[in-house]
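The values are calculated or read from the model by the stated rules, or taken from the named source; none is laboratory data. Just so it is clear, the structure is predicted and the values come from calculations on it, not from any experiment. Glycine also receives a Cβ, built like all others from the backbone with ideal geometry; neighbour counts cover every protein chain displayed. Quick note on the areas: whole protein, heavy atoms, side chains included, nothing else; ligands and nucleic acids left out. Shrake-Rupley method; radii C 1.70, N 1.55, O 1.52, S 1.80 Å.
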Amino acid sequence: MGKVIAIANQKGGVGKTTTAINLAASLAVLEKRVLLIDADPQANSTSGLNFNPDSKDEKTLYEVLIGKHSLDEIMLDSEIENLKLAPSHINLVGAEIEMLKISEREMVMRKAINAVSMNFDYIIIDCSPSLGLITINSLTAADSLIIPVQCEFFALEGLGKLLNTTKIVQTRLNPSLEIEGFLLTMFDARLKSANQVVEDVRHHFGNMVFKSVIARNVRLSEAPSHGKPVILYDALSSGSNNYLALAKEIITKDIEERQQN
C-alpha cells in the first residue's frame, strides 16, 4: 500500500502546488513509484507537468469523484518514468455539488485511491485552497498531511482553521491521519523577517517542522511555465536540491518508522 500524503493550506501563495509537483518528482527520481493527484480546480499541478488542463480529450479527477471513471482510467504518464498524474480541470468545482447526492461522500477519494494504492510507493494529493468537500475527501484519504508555511509576516495566519479541520477529520472520518510536517517555503536568508518566521514556526511546532527548508529560487518559479518540475528544468538549482532533500527526509523517516514497528 502506498503512503498517501495530502498537501494543504487554504492560504494562497504559500507554495502548495510547487511542493506537490516537486516533491512528487523528487520521490520519483529517487526511484519511488509516485502518483500525483491534482485535487485543485485551478489545475496548476496538471499544467505544471505539461498537460493541458482545458483539454476535452482527457478524463480527469472530476469523472472519478462523480463515479464515471476509476483513477486507473484517468492516469497520465509524465516525463519522469516513475511519476504518474491524475489530472484536474476547472469543472472539478462542480464535483462538490454532485457529490452531495452520494452516500459516504467524504469517502469517495479514499475508495478510489485504495483501488490503486498497491501500485505506488507514494501518492501525493495537491489539495484545493479551500476547506470544502474535496479537501475533506483528500484528508480522509490521506495517511499524513504536509502544511507549507511561507516565510513571510502573516505565515501563521489561517493555520488555526486548517488545524481545526484536520482535528475534525481525525475525530470523525480518519483517526489515523497524522501531520507529516510543516514545510517552510520561500525562505530568503537575507531577510530578518524570514528568519524570524522560521524561528517562530520552529518554536510553535518543534519536531513537526521539516529540517528541509525551501529557499526562494528563480529557477523554481520559472519551471512551471515550462511545464516541468524544477529537477528537469534545472537539476543543479537550489530549488531542485531543496526538494530532493525533503524527499530524502520523508523516505528516511518512513524507513525509521517501519523499523520501529
Between Val4 and residues 5 or more places away or on another chain, which pairs have amide H atoms under 5 Å apart, with H built 1.01 Å from N, and which residues are they?
-> Ile123, Asp143, Ser144
Could you point to the residue in Asn137, Asn119, Leu65 farthest towards the positive end of the chain's charge dipole, with +1 and -1 charges on the Cβ of Lys/Arg and Asp/Glu respectively?
-> Asn137
Built amide H within the under 5 Å cut-off of Val149, gap 5+ = Leu183, Leu184, Thr185
Taking every alpha carbon pair in segment 1-141 and sorting the distances into 10 angstrom bins from 0 up to the bin holding the longest one, the percent per bin comes out as 13, 49, 34, 4, 0
Work out from phi, with θ = phi - 60° and the Karplus expression 6.51 cos²θ - 1.76 cosθ + 1.60, the ³J(HN,Hα) of each residue of segment 183-199, listed in order in whole Hz, and give x for Gly and Pro.
-> 10, 7, 10, 6, 7, 10, 4, 6, 9, 4, 5, 5, 5, 5, 4, 4, 4
For segment 34-94, convex hull of alpha carbons as volume per residue, Å³ = 73 Å³
Quick one: putting +1 on the C-beta of Lys and Arg, -1 on the C-beta of Asp and Glu, what dipole do you get for segment 1-153 around its Cα centre, in Debye to the nearest 20?
-> 340 debye
³J(HN,Hα), Karplus 6.51/-1.76/1.60, whole Hz, each residue of segment 39-52, x for Gly, Pro | 9, 10, x, 5, 6, 6, 5, 5, 5, x, 10, 6, 10, 7
From the Cα gyration tensor of segment 158-210, with a ≥ b ≥ c the square roots of its eigenvalues, which class applies: rounded if a/c is under 1.5, or else prolate if a/b is larger than b/c, or else oblate?
-> prolate
Express in whole angstrom the spacing between the alpha-carbon centres of segment 137-181 and segment 197-261.
-> 18 Å
Among Tyr62, Tyr233, Tyr243, which one moves the most in a GNM of the chain with springs linking Cα atoms closer than 10 Å?
-> Tyr233
Quick one: compute the contact order of segment 1-110, relative version, from alpha carbon pairs under 8 angstrom and 6+ residues apart, as a percent.
-> 27 percent
With a 10 Å radius around each residue's Cβ, average the other Cβ atoms per peptide and rank 181-193, 113-125, highest first.
-> 113-125, 181-193
Largest first, how would His203, His226 line up by accessible area (1.4 Å probe)?
-> His203, His226
Taking N as the number of residues in the chain, what is its Cα Rg relative to 2.2 N^0.38 Å?
-> 0.94
Per-residue HN-Hα couplings for segment 218-229, Karplus 6.51 cos²θ - 1.76 cosθ + 1.60 at θ = phi - 60°, whole Hz, x for Gly and Pro?
-> 4, 5, 5, 6, 7, 3, x, 5, 9, x, 9, x
For segment 210-261, what percent of Cα pairs sit more than 18 Å apart?
-> 40 percent
Summing +1 for each Lys or Arg and -1 for each Asp or Glu, what net charge is found among the other residues whose Cβ lies under 11 Å from the Cβ of Asn241?
-> +1
Dipole magnitude of segment 78-155, debye to nearest 20 (Cβ charges: Lys/Arg +1, Asp/Glu -1, about Cα centre) | 300 debye
Given charges of +1 on the Cβ of Lys and Arg and -1 on the Cβ of Asp and Glu, with all other atoms neutral, how large is the dipole of the chain about its Cα centre, in debye to the nearest 20?
-> 480 debye
Enumerate the amide H contacts of Leu36 below 5 Å, restricted to partners 5 or more residues apart or on another chain; note that Pro and chain-start residues carry no placed amide H.
-> Lys84, Leu85, Ala86, Ile124
